[in-house]
Amino acid sequence: MLIEPYACGTHCSIEEAKLAFQNVSKIYGAGADSVTALTPMDLMVRKGDFLCIVGPSGCGKTTLLNLTAGFDQPTSGKIMIDGVEISKPGAERGVVFQQGALFNWMTVLENVAFGPRATGHSASVAREMAMETLQMVGLKDFAKKYPYQLSGGMQQRVGIARALTNDPEVLLMDEPFAALDQQTREVLLEEIRLLWKRTGKTILWITHSIEEALFLATHIVVMSPRPGRIRAAFQSGFGRSDDPLISVTPEFVAAKRHIFELLKSSQKDEVQIQ
Amino acid sequence: MTDVYSQSEAVLDKHDEKRPRKRLNDLWLTLATFSGLLAAWLIATGTGPWDPIIQPLFLPSPALVIQTFFQLLENGFQGKSLGQHVGISLYRFSTAFIFCILIGVPLGLLMGMNRRVRAIFEPPIQAIRPVPKIALLPLFLIWFGIGDLSKIIVIAAPVFPIIAISAMQAVQSVSRMKIQAAQSLGASRWTVFARIVLPASLPGIFTGIRLSISIAVTMLVAAELTATSEGIAWMALTAAEFLATNIVIVAVVIMAVIGFGLDRLFWLLERRIVHWSGKD
Ligand SMILES: Nc1ncnc2c1ncn2[C@@H]1O[C@H](COP(=O)(O)OP(=O)(O)OP(=O)(O)O)[C@@H](O)[C@H]1O
Ligand SMILES: [Mg+2]
C-alpha cells in the first residue's frame, strides 16, 4: 500500500507548518441547542502539501474550512498561517466554493479580475492577470459572457480561476466538484493535479470521495461525525504519481478499501452509541 | 446553477430573443384579450344598429369617450387645460416618488448593512406601515397646509416604507457565500458594499419600486380628494359629482396609462440593469 498512517498533529513543528491547527474546536450555539461540530484537534500542514479531508456528512469538514478561511472563529484553540493567528478572511487564502459563489452581475472576466482589483492592482493590470488565468483554464473565449451563460463545469473553472488569479499561498476548496458529472470531474481533477504540481501551492481539499482524495492528496485526513473529530490520517504517495491509470492499480484499490472500511466502522461505532 | 442546455421553460422565457415565434404568439393572445374587452364594451353601449344595453350615464360608448377626450383637450376642464391637470398630478406624484427613491433606497441599504441604523429606523417604519395612510390625510392637511406639500406627503407615506423595507430586505438576503468569496479575494468593506451588496440588492429594490407604483397612483386619488381644484384625479372626482361618466372614464384611462407606462418603464430598466437576476 502506498498510504501509511502518520501523526498529523505532531509530524512537524508549528514553525515548519504553513497551516497549524492547535487544539481547534467549534461549538455552534449555546446551552441545550448547542452543536459540537468539531472536538479539539491538532493538524499541521506543510507548505506544498495537498491535504484532502474525507468524512461523512456532518463531520465538520465545512466548519474546519470556514474557520481556516476566517469566515468564523473557533470556540477554542487557534489556527495559524505562517505562525500568525487567523482572525479574518484574507487574500493569501483563496477559497473555491462548491457552487453558486460567482458574482452573477459581473462578466466572467470581471469575476476573475475582482481579486487583483481588490488587492490594489490597476484595472488594466487586473484584466491582464485575469485573461492569463482564464487562458489557463481554457475559458479565454468566454471572458465577456456572464456566469449564467456557462455550463456548470465552466462555472466551476471560473471559480477556480478567480481564486488562482490572486496567487494565494493556500487554496481552500470545499467539495468544488461535487455538483459536476463524472466526465467533467475527471478532466478537472487532472487539471487541478497538474496545476498543483506546477505551482506547488498548499491545498486543503474537502471531498466525500475516497477515490478523489487518493488521486489528489499527499495527505489524507479521515474524519468521523458526532462529534466531529479526526479518525485517522495517512500520508499518500498516489498524489505525486504521474501514472494516469493510477486509480486501477492494486495498491490504489487496496488503499481505497482500507479507508472505506475505516469510514464504515466509524459509522458502526455511531450506531452502537445510539 | 443552470446548464445552458437544460434550462427550464421559465428560464428560457427570459431569453426572449431565442423564442421569437412563441413571443409573437403570446402577443396575439394579449391583443385578443384587449379586442374582446373592447368588443364587449362596444356591444354593451350600443354602438351599432341596436339600443344600448347599458345607459351612457353609467357607461358611455368608446366613441363618446374619445370624443370627450378631444373636447377636454380643446376646452380643458373647469378653467384649466387637460395638460395642466395631468401636469400638476404628475408633479405631485413624481416629487413624492423621487423623494421616496432618493431617501428610501439609501436608508433601506443602511438599515440592511448596519444593526444600529436598523434598530433606530426599522421599528417606526414597520409601525407606520399598516396604518391606512388615507386616514392621515386630514392630519397632513392640518400640519402641512392645503397646498401641494400635504398631497405629496400623503402619496409618499405608503410608498416610502415599502421602498425602504424592500431595500433593507434585499441587503439582508444577499448570499453570505458571495460576500465571503469577495472578502477572501481581499475586498475591503467598501468594495464588498459597492460591488457585491449593492448590485445583489438591485432586483429586490426594483421589485419594491414596481410594487409601489400602483399604490402611489391610488394615493394620488386620495391626495386630490379635497383641498384642491386641479389634478387628473380631482377631475375624475368632480366629474363624478355631475354624473359626467364620460369625463370620469377619460380621467381614469389617463391615470391607468400613467401607472402602466411607469411600470413598463421600470420593467425595461430592470431587464436591462438586472438581466442576471434569478439566474444563479
Ligand atoms: N452555522 C451553523 N449553526 C449551527 N450548526 C451548524 C452550523 N454549521 C454547521 N453546523 C453543524 O455542525 C455540524 C458539522 O457541519 P459541517 O457543515 O461542518 O459538516 P460537513 O462535514 O461539511 O458536512 P457535509 O459533508 O454534509 O457538507 C453539523 O452537525 C451541522 O449541523
Ligand atoms: Mg460541507
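The values are calculated or read from the model by the stated rules, or taken from the named source; none is laboratory data. Fair warning: this is a prediction, and the values are worked out from it, not measured in the lab. Cβ: placed from backbone, ideal geometry, glycine included. Neighbour counts: every protein chain shown. When the accessible area is computed, the model is the full protein with side chains, heavy atoms only, and any ligands, DNA or RNA have been set aside. Shrake-Rupley method; radii C 1.70, N 1.55, O 1.52, S 1.80 Å.
Take each complete run of DSSP H in chain B, measure how far its Cα atoms stretch along the helix's own axis, and keep only those covering 24 Å or more with mean Kyte-Doolittle hydropathy at least -1.0; list them.
Working: long enough: B:20-44 (36 Å, 0.61); B:82-99 (25 Å, 0.86); B:148-172 (35 Å, 1.52); B:198-223 (35 Å, 1.58); B:245-273 (41 Å, 1.50).
Taking the DSSP H segments of chain B (at least 24 Å long, mean hydropathy at least -1.0), we get B:20-44, B:82-99, B:148-172, B:198-223, B:245-273.
Here the relative contact order of chain A, from alpha carbon pairs under 8 Å that lie six or more residues apart, stands at 27 percent.
On the basis of the beta-carbon distance and an R0 of 30 Å, B:Ser175 and A:Asp181 show a calculated FRET efficiency of 0.80. Mean-square fluctuations from a GNM of chain A, with a 10 angstrom spring cutoff on Cα atoms, peak among A:Val221, A:Val54, A:Val248 at A:Val248.
Heavy-atom accessible surface of the stretch B:61-273, averaged per residue, reaches 49 Å², computed with a 1.4 Å probe. When the pairs A:Lys145/B:Lys22; A:Lys78/B:Lys178; A:Lys26/B:Lys279; A:Lys144/B:Lys279 are compared against a 23 Å limit on Cα-Cα distance, A:Lys145/B:Lys22; A:Lys78/B:Lys178; A:Lys26/B:Lys279 fall above it.
Comparing A:Glu169, A:Glu85, A:Glu211 in a Gaussian network model of chain A (Cα springs below 10 Å), the most mobile by mean-square fluctuation is A:Glu85.
Solvent-accessible area of the stretch B:159-247 (1.4 angstrom probe, protein heavy atoms only): carbon and sulfur portion equals 64 percent.
Please label the shape of chain B as rounded, prolate or oblate, based on the square roots a ≥ b ≥ c of the eigenvalues of the alpha-carbon gyration tensor (a/c under 1.5 means rounded; beyond that, a/b larger than b/c means prolate, else oblate). Please report the intermediate quantities before stating the final value.
Values: a/c = 3.14, a/b = 1.41, b/c = 2.23.
Since a/c reaches 1.5 but b/c is at least a/b, the shape of chain B is classed as oblate.
Mean residue ellipticity, 222 nm, helices only, the protein assembly as shown: the sum of -39500 (n - 2.57) across DSSP H runs of n ≥ 4, divided by residue count and rounded to 500, is -17000 deg cm²/dmol. Taking chain B as a Gaussian network of alpha-carbon nodes connected by springs under 10 Å, the highest mean-square fluctuation of the residues B:Met113, B:Met219, B:Met235 belongs to B:Met113. Burial of accessible area (probe 1.4 Å, heavy atoms of protein chains only) in the stretch A:86-109, relative to its chain alone, reaches at least 40 Å² for A:Pro89, A:Phe97, A:Gln99, A:Gly100, A:Phe103, A:Asn104, A:Trp105. Spin-label pair B:Arg189-B:Leu57: with each label point 7 Å from Cα along the Cα-Cβ axis, the two points sit 7.0 nm from one another.
Chains B and A together bury roughly 2600 Å² of accessible surface, counting both sides and using a 1.4 Å probe on protein heavy atoms.
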